[in-house]
Amino acid sequence: MIPFFRRIRKKMADDNKPMQYMRYAIGEILLVVIGILIALQINNWNEERKQKLNNNKFLRNLRYEIELDTLVFAEKTTSYNRINQNLRQTLEFLVKPTGINENERKIIIAAIRNLEVLTPNYKNIERNDMKLADGTLDYIDNNLNRKYQQYIENIKSNNDIVSKLGESLQFVVLQDLYPKVDLDYAGITANQIHFDLEKLRNDRLFKNAINRSIGYRDVSISFMNQQKEQAIELLNILN
């Protein structure tokens with residue numbers, strides 16, 4: 001190709017046609033520039049296409065993660081409400097003038113067994129950490145990024161509070177519950193927990209422990225309901 005252009009240039013020079021040669025040279029330069037611009041445009045288009053695919057994959061992962069959060073919030077809220085229901089029933093049984101039947105005894109045993117159950121909602125966001133750190137979500141949608149960051153901060157803040165409540169509740173259970181009941185997890189009995197109802201009726205510390213357990217768990221339920229509302233708002237934006 002180069003020898004061909006050299007021959008053309010030599011012929012134009014020999015024919016003393018510098019203007020024609022100049023126009024030809026400019027035309028060649030323009031063709032080369034246009035070719036480079038087209039190649040750059042194609043490359044940019046490919047890069048934008050790949051970036052868009054990566055962004056869509058990130059958003060799908062984010063949506064899946066938040067959907068899992070809503071399921072965790074719902075399941076844990078249901079579980080905590082069931083525990084609190086047993087605890088409230090136990091308080092009713094403690095003031096009941098007559099004895100308790102076998103079903104009521106099982107409810108009290110379930111309440112005692114779950115009295116200290118209170119854990120934070122630890123969230124696994126490792127697969128999105130790098131994307132969040134490099135500003136991908138902020139680049140995609142600033143409003144979504146802002147709301148998601150608030151969502152994460154609220155979960156962390158609420159978890160700190162629930163963790164402290166859980167630690168306090170465990171101390172209360174060790175101090176005010178376990179000395180009043182017999183735990184028989186290694187035994188062969190179905191109930192595995194034995195207690196004297198009359199002693200529990202007159203035990204103010206035991207009743208306070210139940211009320212504290214209910215109150216702490218209600219706080220956690222309130223937090224989860226708020227977080228679920230935030231999660232649903234995020235899903236609506238993502239959809």
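The values are calculated or read from the model by the stated rules, or taken from the named source; none is laboratory data. As the structure is a computational prediction, the values presented were derived from the model and not from experiment. Positions of Cβ are generated from backbone atoms using ideal geometry, with glycine treated the same way; all protein chains shown enter the neighbour counts. Remember, those area values only see protein heavy atoms, side chains included, never the ligands or the DNA or RNA. Shrake-Rupley method; radii C 1.70, N 1.55, O 1.52, S 1.80 Å.
Of the residues making up region 68-89, those that are open to solvent by less than 30 Å² (accessible area, probe 1.4 Å), hydroxyl-bearing (Ser, Thr, Tyr) and modelled with pLDDT of 95 or more are Thr77, Tyr80.
For region 173-195, which positions are open to solvent by less than 40 Å² (accessible area, probe 1.4 Å) and modelled with pLDDT under 60?
Gly187
Being at pLDDT below 95, under 22 Å from Glu104 (Cα atoms) and crowded, with 17+ Cβ neighbours inside 10 Å holds for only one residue in Leu205, Leu200, and it is Leu200. Would you check if Ser222 is more than 20 Å from the chain's Cα centre (by Cα), open to solvent by less than 60 Å² (accessible area, probe 1.4 Å), on the phi < 0 side of the Ramachandran plot and at pLDDT 90 or above? When the stated conditions are applied, Ser222 does not pass them.
Considering each residue of region 83-119, count those that are basic (Lys, Arg), in a helix (DSSP H, G or I) and farther than 21 Å from Glu167 by Cα, and give that number.
Looking only at region 83-119, we keep the residues that are basic (Lys, Arg), and these are 88, 96, 105-106, 113.
Going one step further and asking which of them are in a helix (DSSP H, G or I), we end up with 88, 105-106, 113.
Next, from what is left, pick out any that are farther than 21 Å from Glu167 by Cα: 88, 105-106.
The number of residues fulfilling the criteria is 3.
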